[in-house]
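Single-structure report; data block below.
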Ligand SMILES: Nc1ncnc2c1ncn2[C@@H]1O[C@H](COP(=O)(O)OP(=O)(O)OP(=O)(O)O)[C@@H](O)[C@H]1O
Ligand SMILES: Nc1ncnc2c1ncn2[C@@H]1O[C@H](COP(=O)(O)OP(=O)(O)OP(=O)(O)O)[C@@H](O)[C@H]1O
Ligand SMILES: [Mg+2]
Ligand SMILES: [Mg+2]
């Protein structure tokens, strides 16, 4: 087994989100017996930890890496450093200025636009929205927020502020509570990170405002999906990390195996995001459960 | 002691008044209730931290204990289907167990509390992350525990149960600290451990007990916190909470040199800290400044308190001198050199 | 002292040998160079932390200083187009300024180092986040500073410049600490501040100098770190780095009670910590366990060291007693009661 | 002989510490109503023996027999239960608690059954009579942080009395007491004896032993070297047993009459007594004793002259030249040195080597280009060791391994390797045994004869009268008078100390 080539999928931090990718990778592993597929978490969601992890992986002899860079803009050089040694792919958030072979993932701006559409649908007569996010400076957050703003531009819907919580979920919930107090005029909450939506749902529920305050979310936390199913969350925009993991690994395996033709000319493979609302939540959830074997 | 607490109380009232003036919604029942809830969530563990600090120690591991115990709590409920009340008791027991280990290493192995609990900080979170495979532990949607929810998230007469639990813990611990022999021994051990031993106090047991109490309260608080955020992502859950706990205790008059502090002070310190966070959101201050505001207030608070103590000493000395002068306006001085 | 360092050295060699055996790539030049780079990045600031710890203080703010100084450094280069060398010097000066503030609050205002630098931890990061509007500071694509890049990211003879800088700092600081008058004063102040003052040492200046040195080294290290990650996200940049620095110093034999420690020890401590992280990645241990491994090794290391010291004392006592016993088997005892 | 039957016996007790045998086969017994004076040089093992008896340390060997029951060691609680109360040599108080709490620490009166609440009222009620008995000026609810050292020592004694003990151990109870308090204490000892309580009294002040002891036991190097009955007790006999030889008379006259004025303190006001200007001068070659009751402000004056505290007013002149002393460094650079009263707290780095302690105040002169040269440092330490006869095998050993007297010599050595002009000794022989005391006095005289001005603050009457060329007495922050050698007497010093004038 030692001479099997190892392909690594390096994520940007610990999160359940990546369990889906892991499921995809597992499926890919079943189809790629000649490769050893691994998924790696950096011990902290920082560029320093991630860079060091990749350096160590290269040193320990992996054949190729697919990475969700913590901060692609500033990691250019470090990514190039890896890319000069082994084939490097990006996922989740692209780093177009690097020598990466290809990007496979979704477009956060597009996802943001979809969330904007949900907000417009939620507030047909216009209204004010408040956004909640972990790290507003992170690329994915910025692009999603931008997408929302682009879509609602010119309408009567307005995004008044973004409250950040440093990925501290207790603060995330408290931010929602305080917003309900401080801004009774805001009638639509958007949760940009996967845990923001469930915290919004709970805080709004505990304040007895479910239905009055519209909720738009991202990602597929069970509580989010439950809220969608219940009808108290308008909808959520999901990415397909399962496909990133599955398709990404197969792509890498082919490339490492010498088949360069799998890479499109514009080396960006977009796996579109989907809006999950009351109409399709059941089938989506069932599929998700079946893939990750979740409870 | 009392004067110190009074100063803090006045500070809280002033800050609250200013916030209420700038945004009258501050006084709305819902906001007060939310803030009380936060005070309860963070305050319980601050009292435990205060006990440890009074013995001259420190516990840097409470944040990581939140992560570890939170994960275990959810696993017990969801995977092992343990009754919630038993699970809750097990969390308290688990915290006590960790506290026992800390106490053992500090008193028997003579390691420094900072080192012991720094290792705890690193280890417990690591274990929690390992258990969840670096994912997160949560309840499935709709999976509810009506009694547990009522207990941890409910309200009575508009007062959140977290706050009631905090108040009960505070009263109980206040009595323990300020009225019982054990409390007196805590102060004695914190001030001068050797003298305490010479006085026949089992210092090891007293110090260990402080860590165990801190663990028990951390275990209790971890359940409230887990229920509040309805799940645990161990890589971030409770990060830096030890700093909140220490900050509340220090603001409340506990000296890191040991031997000083009061439960009332810690309660006020916890309230002030949460008030500050509420203020940031209510006044629309950028969230980035949240911590800066907290740091600034702690710095100024501690500084002002110390200057006040100094000034009072100086004033006492002066008035004593003045009294002497009056009493003996012209003492017979025989000079022979 | 020397024996302690030797023990640590042997531990490092053993761990390295085991890792090399399990994964021979450990010894590949690229891996050694990567690890040396990490040691350099984290080691410089550990030496500064060690100086503060030797005076009996602590600096909890170095991680936040990394964030604040990193943001300022990038702003100076990118927005104000300051020459990189000047910007680098300004960072060192900036760190020294923060150190001066800490020193002032500790020595003049008699605040506890823990409280002062805890506030620093909260405030500096908050300010950094505010400056960037909670965004991040980075270089535009293609914007390069060849000399700065060479200096901070280059290698000479395969050795990363960060490591060379670290080695130079270590040698210089080793001489300062162990050979100069000032170094002796640092130990004296850490052992017994009052006795030091009575011996004519300006204790305030010595303590302040320790914080200033720590600030200077933090400033220097923050430039290396900023260049390494090529940008700063102030909400997370340098989070917990103070703990690494403290851990390295403590592993290296600095006592948090003050008055003990050596630069060689701190260097070895830094190496061991980075070796552990390298090991986790190389041996495919789940990264969730990264911190747990670190915590476990620190705990065991400090524990073993203490038990060794105790055992040695006990052994000395035994042999001394035996010798004395022999020398005077029947001391003339005149008893008359 | 009172109470011929001992109720308590220590049999062949030995105790080893790392590197030291503190006690070797020591036996001691106490009978009801007996006052035993326990004396010996520093490090003879007195405190260690008492710690064994008080249950603080376990002996390595030996038997403790109380009322016929034998045990190998005691715990603090067992000792207390057996009726043994202990006034430790070091103060063991909690300054975050009040007086009553300190008296009852470890055995508080309780109420509430298993809840173990502290019964404050009962405590206050029981402490007040004890304080009355000692005639002190603080109350049960005074915070200990407000007490002076002397008051704290009295509190320790009150605490021991509260035990209703059969045996009270007093380990140097008078080391920071002055004459009035000491005589009060000796009265208490007598009344204890009268009520059938035994006392073991340790002191380096032999006249106190003479006054109160029924029997004296002498320790040397961890062994019992002799005992004296009531009739045999006198200074010479005790000294001979303690140090194995006779001592010369204390006072050595100066080789030449004192010269011109070296140090002039003019109208200095310190922070505790800001309304009292103090003026004082010390001449070259003179030993000026500075007497006074505890808390009379002598240490404050010394600290102000040495630059530790900042006086609110006043001037200092050195050889006629006005100088400004803003910090100890300023004082040291001008040759004004202070030997502080608490050597462990302010004089020494305990677990640092003797060499490094000695070179600390003048480290720069052992350095070339700020790099310290260890060889010159060691050479100097060796020289001081020989000169001061510091008993230590190796100057690289930590100071903590030395006895009190030898530690004090190390503090002295710090300054003697430099160029002194004025040395202020604050309680130079507190807790130092007679042998070392006389050596320290000799050094003081040598220095004076070499032209150094010496200001000796002391609460030990024997020392003040025996060593000084002239005495200044302070009372509540002012100089209440000066005495020349012809007028020296305990009576005169005491009169000035309590603020009255000499007729
Ligand atoms: N905890 C300890 N560790 C090591 N050595 C000790 C310890 N306590 C006492 N010693 C040593 O034991 C010996 C006896 O000390 P002890 O304190 O009993 O002397 P002492 O007669 O009370 O002297 P003094 O008059 O100075 O109080 C000394 O050599 C001392 O250094
Ligand atoms: N650090 C201090 N804090 C508060 N009060 C003090 C302090 N040091 C001394 N004092 C008080 O100042 C007064 C003068 O004390 P000082 O020590 O100068 O007297 P002294 O004559 O040297 O007595 P002693 O023999 O105790 O040294 C006393 O009332 C004492 O209680
Ligand atoms: Mg003694
Ligand atoms: Mg004095």
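Give me the inter-chain shielding for D:361-368: mean count of other chain Cβ atoms within 10 Å, whole number please. Please report the intermediate quantities before stating the final value.
Numbers: counts 5, 2, 9, 1, 1, 2, 5, 0.
Mean number of neighbouring Cβ atoms from other chains: 3.
Which FRET efficiency value, to the nearest 0.05, do you get for residue D:485 and residue D:77 by plugging their Cβ-Cβ distance into 1/(1 + (r/R0)^6) with R0 = 56 Å? Write out the running numbers ahead of the final one.
Numbers: r = 54 Å, r/R0 = 0.96.
That gives a FRET efficiency of 0.55.
Just rank D:90, D:427, fewest to most, by other beta-carbon atoms within 10 angstrom.
Least to most surrounded, the residues fall as D:90, D:427.
With labels modelled as points extended 7 Å from the Cα through the Cβ direction, what inter-label distance (nm, one decimal) is found for residue D:421 paired with residue C:168?
About 4.6 nm, to one decimal.
Taking R0 as 41 Å, what's the FRET efficiency between residue B:311 and residue A:212 from their Cβ-Cβ distance, rounded to 0.05? Write down the numbers at each step before the final one.
Working: r = 54 Å, r/R0 = 1.31.
Step by step, r from the Cβ atoms, then E = 0.15.
Can you list, largest first and rounded to whole Å, the semi-axes you get for chain C by taking the square root of 5 times each eigenvalue of its Cα gyration tensor? All intermediate terms of the calculation are to be shown ahead of the outcome.
Details: eigenvalues 323, 143, 55 Å².
For chain C, the semi-axes come out at 40, 27, 17 Å.
Can you figure out the FRET efficiency of residue D:374 with residue D:309, using R₀ = 30 Å and their beta-carbon distance, to the nearest 0.05?
Details: r = 35 Å, r/R0 = 1.15.
So, using R0 = 30 Å, E works out to roughly 0.30.
Go ahead and estimate [θ] at 222 nm for the protein assembly as shown from helices alone: -39,500 (n - 2.57) per DSSP H run with n ≥ 4, summed, over the residue count, rounded to 500.
Values: 52 runs with 781 residues, N = 1472.
Taken over the protein assembly as shown, the calculation gives -17500 deg cm²/dmol.
With just the Cα atoms defining each centre, how far is segment B:136-151 from segment D:149-213? Give it in Å.
Between the Cα centres of segment B:136-151 and segment D:149-213 lies a distance of 68 Å.
Which whole number in µm²/s is D for segment C:223-296 by Stokes-Einstein, with the Kirkwood Rh taken over Cα pairs at 10 °C and 1.306 mPa s? Don't jump to the answer; show the numbers that get you there.
Details: Rh = 13.8 Å.
Calculated translational D: 115 µm²/s.
Sequence gap at least 6, Cα distance under 8 Å: using those rules, report the relative contact order of chain B to the nearest whole percent. Kindly include the intermediate steps, with their values, before the conclusion.
Numbers: 496 pairs, mean separation 110.3, N = 337.
RCO, chain B: 33 percent.
Find, to one decimal place in angstroms, the Kirkwood hydrodynamic radius of segment B:174-216, where the mean of 1/r is taken over every pair of different Cα atoms and then inverted.
Values: mean 1/r = 0.0969 Å⁻¹.
Roughly 10.3 Å, rounded to one decimal.
Could you pull the Cα extents of chain A along its three principal axes, largest to smallest, in whole Å?
61, 37, 35
Most mobile of A:132, A:284, A:17 per a Gaussian network model of chain A (Cα springs, under 10 Å)?
The residue with the greatest mean-square fluctuation here is A:284.
I want to check the label-to-label distance for residue C:27 and residue D:187. Put each point 7 Å from Cα in the C-beta direction and report it in nm to one decimal.
8.6
Write down the radius of gyration of segment D:349-417 and its Dmax, each obtained from C-alpha positions, in Å.
11.2, 36
Work out the mean other chain Cβ neighbour count within 10 Å for the residues of D:410-422 and drop it here as an integer.
That works out to 1 on average.
Taking the Cα atoms only, what angle lies between the long axis of helix C:2-22 and the longest principal axis of chain C, rounded to 10 degrees?
Between helix and principal axis, roughly 60 degrees.
Give me the angle, in degrees from 0 to 90, between the Cα long axis of helix A:196-206 and the longest principal axis of the Cα atoms of chain A, rounded to the nearest 10.
Roughly 30 degrees, rounded to the nearest 10.
Can you pull the percent of Cα pairs in segment C:32-190 with separation above 27 Å?
Numbers: 4096 of 12561 pairs.
Tail of P(r) above 27 Å: 33 percent of Cα pairs.
Can you compute the modelled spin-label distance between residue D:279 and residue A:266, with each label point 7 Å from Cα toward Cβ, in nm?
Simple spin-label model gives 9.9 nm for this pair.
Hey, what angle do you get for helix C:161-179 against the long axis of chain C, alpha-carbon based, 0 to 90 degrees rounded to 10?
Rounded to the nearest ten degrees, it is 40.
Note the full-extension length gain between residue D:323 and residue D:65 as 0.36 nm times their separation in residues minus their Cα-Cα distance, in nm to one decimal. Provide the component values of the computation, followed by the final result.
Numbers: separation 258, 0.36 × 258 = 92.88 nm, distance 6.35 nm.
86.5 nm is the gain from fully extending residue D:323 to residue D:65.
For residue C:178, place a label point 7 Å from Cα along the Cα-to-Cβ direction in every copy; what are the distances to the other copies, in nm, shortest first?
Those separations, rounded to one decimal, come out as 5.3 nm.
Which of the peptides C:252-259, D:379-386, D:309-316 is most tightly packed, and how do the rest follow, judged by the mean count of other Cβ atoms within 10 Å per residue? Each step should come with its number before you reach the end.
Numbers: C:252-259: 21.0, D:379-386: 17.6, D:309-316: 16.1.
Highest-to-lowest ranking by the protection proxy: C:252-259, D:379-386, D:309-316.
So what's segment D:187-274 giving for Rg/Rh, alpha carbon basis, Kirkwood Rh from the mean inverse pair distance? Intermediate results must be reported in sequence, preceding the final value.
Working: Rg = 20.7 Å, Rh = 17.1 Å.
Result for segment D:187-274 is an Rg/Rh of 1.21.
Take each of the peptides B:25-36, A:111-122, average the number of other beta-carbon atoms within 10 Å over its residues, and list them starting from the highest.
Working: B:25-36: 18.2, A:111-122: 23.2.
Averaged packing, sorted descending, gives the order A:111-122, B:25-36.
If a/c stays under 1.5 just call it rounded; otherwise compare a/b with b/c (prolate if a/b is bigger, oblate if not). Do that for segment B:122-174, with a ≥ b ≥ c from the square roots of the Cα gyration tensor eigenvalues. Don't skip to the answer; put the middle values down first.
Details: a/c = 4.41, a/b = 1.49, b/c = 2.96.
Oblate shape, in that a/c is at least 1.5 and b/c is the bigger or equal ratio.
Please label the shape of segment D:269-352 as rounded, prolate or oblate, based on the square roots a ≥ b ≥ c of the eigenvalues of the alpha-carbon gyration tensor (a/c under 1.5 means rounded; beyond that, a/b larger than b/c means prolate, else oblate).
Working: a/c = 1.43, a/b = 1.19, b/c = 1.21.
The shape class here is rounded.
Rounded to two decimals, what is Rg over Rh for chain D when you use alpha-carbon atoms and the Kirkwood radius? The partial results should precede the final answer.
On the way: Rg = 23.7 Å, Rh = 24.3 Å.
For chain D, the value is 0.98.
For all pairs of alpha-carbon atoms in segment B:1-117, what percent lies in each bin of width 10 Å, listed from the first bin to the last filled one?
In whole percents, the pair-distance histogram is 11, 28, 27, 24, 10, 1.
Using the Cα gyration tensor of segment A:132-229, with a ≥ b ≥ c the square roots of its eigenvalues, what is the shape: rounded (a/c below 1.5), prolate (a/b larger than b/c) or oblate (neither)? Present the calculation step by step, with values, prior to reporting the outcome.
Values: a/c = 1.35, a/b = 1.14, b/c = 1.19.
Rounded.
What do you get when you divide the Cα radius of gyration of the protein assembly as shown by 2.2 N^0.38 Å, with N the number of residues?
Working: Rg = 36.3 Å, N = 1472, 2.2 N^0.38 = 35.2 Å.
Ratio of Cα Rg to 2.2 N^0.38 Å: 1.03.
Beta carbons within 10 angstrom, averaged per residue: use that to sort the peptides C:174-185, C:285-296, highest first. Don't skip to the answer; put the middle values down first.
Details: C:174-185: 19.0, C:285-296: 21.5.
Taking the mean over residues of other Cβ atoms within 10 Å, the ranking is C:285-296, C:174-185.
Per 0.36 nm of contour for each residue apart, how much would the distance between residue A:84 and residue A:99 grow if the chain were fully extended, relative to their Cα-Cα spacing? Intermediate values should be presented prior to the final figure.
Working: separation 15, 0.36 × 15 = 5.40 nm, distance 0.77 nm.
Computed gain between residue A:84 and residue A:99 is 4.6 nm.
In peptide C:44-54, what is the residue-averaged number of other protein chain Cβ atoms found within 10 Å of each Cβ? Please list the in-between numbers first.
Values: counts 0, 0, 0, 0, 0, 0, 0, 0, 0, 0, 0.
Neighbouring Cβ atoms belonging to other protein chains average 0 per residue here.
Relative contact order of chain D: what whole-number percent is it, with Cα pairs under 8 angstrom and at least 6 residues apart? Working shown, then result.
Values: 1030 pairs, mean separation 75.3, N = 503.
Once normalised by length, the contact order is 15 percent.
Read the figures in this text as sums done on the coordinates, not as results from a lab. This is a predicted model, so every value here is computed, not measured. Positions of Cβ are generated from backbone atoms using ideal geometry, with glycine treated the same way; all protein chains shown enter the neighbour counts.
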